[in-house]
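Here, each number is a calculation from the coordinates, and none is a lab measurement. This one's a predicted model, so the numbers in the text were calculated from it and none came from an experiment. No Cβ is skipped: glycine too gets one built from the backbone with ideal geometry, and neighbour counts run over all protein chains shown.
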Amino acid sequence: MRTALSRLPPRACLSRLVVKPADIAARATVLALVRLCLTRYSRSHQAVRFLQQALSHRPDPAVLHLLGLINPVLVITGNIAGDMAVAMGVVYMLGVGPVLDWLLGEARPARPAPESGTAFEALLRAHAVLQLIAVATLLYRAQLDANAWTTWVAALSTGLCSGASGIIVAHELGHKRPSWSTGVLRFLCLWSVLYAHFTTEHNHTHHKHVATPADPATARYGESLWAFVLRTVPGQFTDAWAVHERKGRTGLRNPMWHGMAGAAAMLAAIHWAIGAWPLMAFIAQAAFAVFLLEYINYIRHYGLQRQAGERLRACHAWQSESRWSRWTLLELTRHPAHHLSASVPFWRLQPEADAPCLPGGYYSCFWLAVVPSVWRARVHPRLPTQSPVAGKRG
């Protein structure tokens with residue numbers, strides 16, 4: 001530097017070494033702006049934290065749960081429009097849903113339950129009605145398109161809707177005091193997926209024997225989703241049959257016979273009225289809906305076991321605080337609380353501190369569960385230490 005300056009005239013050297021007042025003013029202005037930005041960021045960050053703390057003492061707005069109606073609306077619209085639109089429900093449930101599960105994250109800490117459940121009870125009925133409309137639009141699409149690819153994609157889309165908006169609603173209604181309206185809605189939702197025995201098995205066996213070998217709806221440690229579905233579907237059917245038998249409803253008095261006869265009559269009526277392809281599409285959507293239900297059963301109790309005579313605790317069911325799954329699936333992810341107090345409505349459920357947590361929401365866990373090795377790698381380390389299989393982790 002000194003050599004370079006020595007080659008310049010003395011006046012030029014002085015101008016290089018002296019900092020001009022304009023430069024000092026510019027630097028001071030920049031520093032002032034930086035300080036101002038940092039101060040405002042700090043204050044805004046504090047304001048956000050204060051707002052979050054203030055809102056944490058309030059329940060989630062009921063309007064957030066209306067997001068669950070996006071799926072049936074998409075399915076109905078797609079079935080009516082036809083062509084590529086029939087895939088909207090599939091893309092939403094299996095593509096957009098997992099992404100939103102990840103983006104929105106989990107709610108920590110949990111907010112209190114709302115004081116009034118009027119809006120939530122109306123939401124249950126809205127789900128049920130829209131799901132039945134979705135099934136009707138599937139029959140319409142299948143009658144128009146017959147054996148085209150749009151019929152089968154519409155069946156998958158509708159089946160996912162039936163599982164999310166139909167069986168979940170039937171499950172909630174099955175825990176309420178019997179009434180004419182709730183009974184009819186539950187009956188229609190379950191018949192639309194050919195799974196009328198669900199409430200019998202769920203209420204009389206699953207809740208009593210959950211996390212034990214006596215419960216066909218509990219997934220065993222190391223069991224894949226595919227093996228579980230093949231075991232649990234016939235297992236729940238025969239168990240529901242046995243429940244009625246133990247109550248003295250033997251022979252043709254067993255309601256299971258009535259259910260099968262009614263389902264056969266309904267299928268025959270569909271075939272007679274609108275043809276074979278709508279009938280096959282209806283059966284296909286029912287199969288997809290049942291698969292979705294059993295996937296949910298799989299992740300809710302996988303690998304959790306109770307010792308003989310051990311009372312049911314929160315650690316015997318998995319939970320997730322994923323915002324998107326909670327808002328769109330009627331708080332289904334707070335399953336431990338449901339088992340501890342089955343009569344409490346879904347909108348009053350709260351997370352349990354001692355319950356094991358899934359690695360994601362119900363949407364994102366789907367892609368983990370369909371690949372057994374990935375599922376085990378993500379879930380086995382999360383098994384509670386008090387579980388009898390905790391020492392078998394691998």
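Miscellaneous remarks
- Under the Karplus curve 6.51 cos²θ - 1.76 cosθ + 1.60, θ = phi - 60°, whole-Hz ³J(HN,Hα) for the range 338-350, x wherever Gly or Pro sits: 5, 5, 6, 9, 5, 7, 6, x, 4, 6, 9, 5, 10
- Here the simple spin-label model places points 7 Å from the Cα toward Cβ, and for residue 148 and residue 102 these points are separated by 3.4 nm.
- Net length available on complete extension from residue 266 to residue 307 is 10.4 nm, with 0.36 nm assigned per residue and the Cα-Cα distance removed.
- For a paramagnetic label modelled on residue 245 (point 7 Å from Cα along Cα→Cβ), amide N atoms under 16 Å away belong, within the range 194-223, to 201, 205, 216.
- Measuring r between the beta carbons of residue 181 and residue 287 and using R0 = 35 Å, the FRET efficiency lands at 0.80.
- Rounded to the nearest 20 debye, the dipole magnitude of the range 71-392 is 700 debye, with +1 charges on Lys and Arg beta carbons, -1 on Asp and Glu beta carbons, and the Cα centre as origin.
- Rounded Å value of the spacing that divides the Cα centres of the range 149-215 and the range 263-312: 8
- Footprinting exposure proxy for 93, 84, 256 (fewest neighbouring C-beta atoms within 10 Å first): 84, 256, 93
- Relative packing of 218-228, 266-276, which averages over residues the other C-beta atoms within 10 Å, highest first: 218-228, 266-276
- Separation in nanometres of the label points that stand 7 Å from Cα toward Cβ, at residue 62 and residue 207: 2.4
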